[in-house]
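Asker: One structure is given below, represented as structure tokens, and several questions about it will come after.
The values are calculated or read from the model by the stated rules, or taken from the named source; none is laboratory data. Quick caveat: nothing in here was measured; it's all calculated off a predicted structure. Every residue, glycine as well, gets a Cβ built from its backbone with ideal geometry; the counts of neighbours run over all protein chains shown.
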Amino acid sequence: MDLPGPIHDFLLVFLGSGLILGGLGVVLLTNPIYSAFSLGLVFVCISLLYIPSNSHFVAAAQLLIYVGAINVLIIFAVMFMNGSEYYKDLNLWTVGDGVTSVVCTSIFASLITTILDTSWYGIIWTTRSNQIIEQDLISNSQQIGIHLSTDFFLPFELISIILLVALIGAIAVARQ
């Protein structure tokens, strides 16, 4: 998708803020139903991030698989929880929450410093992607596989890690 620069930047900021707000909603909301819906917002924003990079198939697959199947399954499982047992002994802050907050904050700070200190312009992401894509490929699925393993490898892996962490957080919230 060839968008003008300001529209592209606005779209990325809008989707990034949706990711951050949805992630905070998953972690901070005490009602597991609201956390599951926040997880759905995270899944939708992640899948929409693939559209500006001309990866429409991956965006559609992310929407169908994560929003259409996994998030519905999580909401279905959370609905079966007994809500009265969830709110009985609700302590607002425990020692484990403090330790978890310190560990997560330190990991977040180290990731931010690593990202800011890395010279991203000197990294060559792919070596042979242009040579492979120039060949006459047999099917579209081969082209999608080559794009996912060369051009979109890093974003695809980062998104899968973010989705795994969000899913583990949703399960941890649902088990309380």
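Asker: Within the range 20-49, which residues are in contact (Cβ under 8 Å) with a residue 40 or more places away in the chain and under 20 Å from Ile161 (Cα atoms)?
Answerer: Gly23, Val26, Val27, Ser35, Ala36, Leu39, Val42, Phe43, Ile46, Leu49
Asker: Can you say whether Val26 is part of a helix (DSSP H, G or I), modelled with pLDDT of 85 or more and crowded, with 19+ Cβ neighbours inside 10 Å, as far as the supplied structure shows?
Answerer: Numbers: part of a helix (DSSP H, G or I): yes; modelled with pLDDT of 85 or more: yes; crowded, with 19+ Cβ neighbours inside 10 Å: yes.
When the stated conditions are applied, Val26 passes them.
Residue-wise test of (1) part of a helix (DSSP H, G or I); (2) at pLDDT 85 or above.
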residue	(1), (2)
Ile33	yes, no
Ala36	yes, yes
Gly40	yes, yes
Ile46	yes, yes
Ser53	no, no
Asn71	yes, no
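Asker: If you scan the range 107-161, which residues turn out to be modelled with pLDDT of 60 or more, farther than 17 Å from Ser53 by Cα and among the acidic types (Asp, Glu)?
Answerer: Once the filter is applied, which keeps residues that are modelled with pLDDT of 60 or more, farther than 17 Å from Ser53 by Cα and among the acidic types (Asp, Glu), the range 107-161 yields only Asp117.
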